[in-house]
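> One structure, pasted below without further comment.
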Amino acid sequence: MSDAPFTVGVDIGGTKIAGGVVDDSGVVIARARADTPHRSTTPDVVENTIVSVVEELFTQVGKDHVGAVGIGAAGFVAADRATVVFAPHLSWRDEPLQLRLVGRIGLPVTIDNDANASAWAEWRFGSGRGEDRLVMVNLGTGIGGAIVVDGRVERGRFGIAGEFGHMQVVPDGLRCECGNRGCWEQYASGNALVREARSLISAGSPMAQDLVARIGGDAGALTGPLITAAAQDGDPTACELLSDVGRWLGIGLANLAAALDPGIFVIGGGVSAAGELLLDSAREAYRRQLPGRGYRPEARIVAATLGNDAGVVGAADLARHHDGSLTATALDAAAALEPALAVDDAPEILPEGPLRRARLRWRRRHTD
């Protein structure tokens, strides 16, 4: 790893690509962002946007002061931390993202799941400091998750651990975008919160009167933050909706406790902005559903503290501590291959490792 004082973290979400220059204490000293290209665009468009964000950060601090770049992607990242297997909000399908970026950026690049990055940041610098068994649950449009054990992100055999949102909590329940029914994120996410509020509005319920007034009667304008703001202002219906989401959150956390037995659950994502309006009901449901309740220690359930910076900070810090960063030889080889990446490129010139394997996959995919 370089002795440069900073690393860059890039957090790729469904709507924005946020980047930051981060020091070794987790402080973001420079920022840049861009809109995420639509999922219908080619992978090149997304990668061009990432490179643009990183280059803007280089202009702010000087590239010589940056030792590595970490990418946190919303999707399935292979265990080699080089390939995005699938990203639901982007056009990446078995995309060798590390290879595509490293030659253009000219520094070691590591790829990880965005929830892994956020969990690592909270363990290193936020609510999870001092805990050796941490589970993070991110409540946003859906539910993401990650596990940190003894100072190590647990990625699973294939790199896809932590997809808690797709645990089934209601057999034959609501249909999920993943194709299954009854997934946890259909009941304890931002989408679930908005869906239930809109159902009240559509039914003409007088309970939704305050929410209707806030949106001028346009149910399409309803958002999770607006419901949270209404609850914080004391609207009883908004409070009840958040309590319902919290109850489902607690049920899922009890299931995770049965499987993983962590010392702490850190709750992040946009819905967590509701704070105790959400977490009080989550803790109550967790205690009711916890296996062996009354005869076992209970994990703490706390809100994340790093907010929107968690993904950027975690991606940067994971890059700083990644023992498997590209060697200088691999970096030079990737630079020689870029920008053409033509079908007849010879991956055999690369040293054995994730970069070479990704390049071989890319060639097979484009020559079959």
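> Jot down the radius of gyration and Dmax of the stretch 234-302, Cα atoms only, both in angstrom.
Expressed in Å, the Cα Rg and Dmax of the stretch 234-302 come to 12.1, 38.
> Which three numbers, in whole Å and largest first, are the semi-axes of the equivalent ellipsoid of the stretch 130-305 derived from its Cα gyration tensor as √(5λ)?
Working: eigenvalues 174, 59, 43 Å².
Equivalent ellipsoid semi-axes, largest first: 29, 17, 15 Å.
> Please sort 122-129, 173-180 by packing, taking for each peptide the average over its residues of neighbouring beta carbons within 10 angstrom, highest first.
122-129, 173-180
> Just how far, in whole angstrom, is the stretch 272-326 from the stretch 189-209 if you go by their alpha carbon centroids?
27
> Can you compute the charge dipole magnitude of the stretch 130-305 about its Cα centre, using +1 on each Lys and Arg Cβ and -1 on each Asp and Glu Cβ, nothing else charged? Give it in debye, rounded to the nearest 20. Could you put the intermediate results ahead of the total?
Details: 16 positive and 20 negative charges, 93 e Å.
Computed charge dipole of the stretch 130-305: roughly 440 debye.
> Okay, next question. I'd like the orientation of helix 328-337 relative to the chain: the angle between its Cα long axis and the longest Cα principal axis, in ° from 0 to 90, rounded to 10.
90
> Further question on the same structure: Just add up the charged neighbours of F125: K/R +1, D/E -1, any other residue whose Cβ is under 12 Å from the Cβ of F125. If you can, show how the numbers build up before the last one.
Numbers: positive: R124, R129; negative: D23, D24, E122, D309, D317.
Neighbour charge sum, excluding F125 itself: -3.
> Now, a different point. Tell me, Kirkwood radius of the chain from alpha-carbon pair distances, in Å? Don't skip to the end; give the middle numbers.
Values: mean 1/r = 0.0466 Å⁻¹.
When all Cα pairs of the chain are included, the Kirkwood radius is 21.5 Å.
> Something else now. Would you kindly state how much longer the chain becomes between T42 and Q60 on full extension, computed as 0.36 nm times their sequence separation minus their alpha carbon distance, in nm to one decimal?
Answer, rounded to one decimal: 3.6 nm.
> With a cut-off of 20 Å, note down the residues of the stretch 183-199 whose backbone N falls inside the zone around a label point 7 Å from the Cα of T15 toward its beta carbon.
So the set is 185-199.
All of the numbers you see were taken from the coordinates with simple rules; none came from a lab. All figures in this text were calculated on a predicted structure; none of them were measured in a lab. Neighbour counts are summed over all protein chains in view; Cβ atoms, including those assigned to glycine, are modelled from backbone coordinates with ideal geometry.
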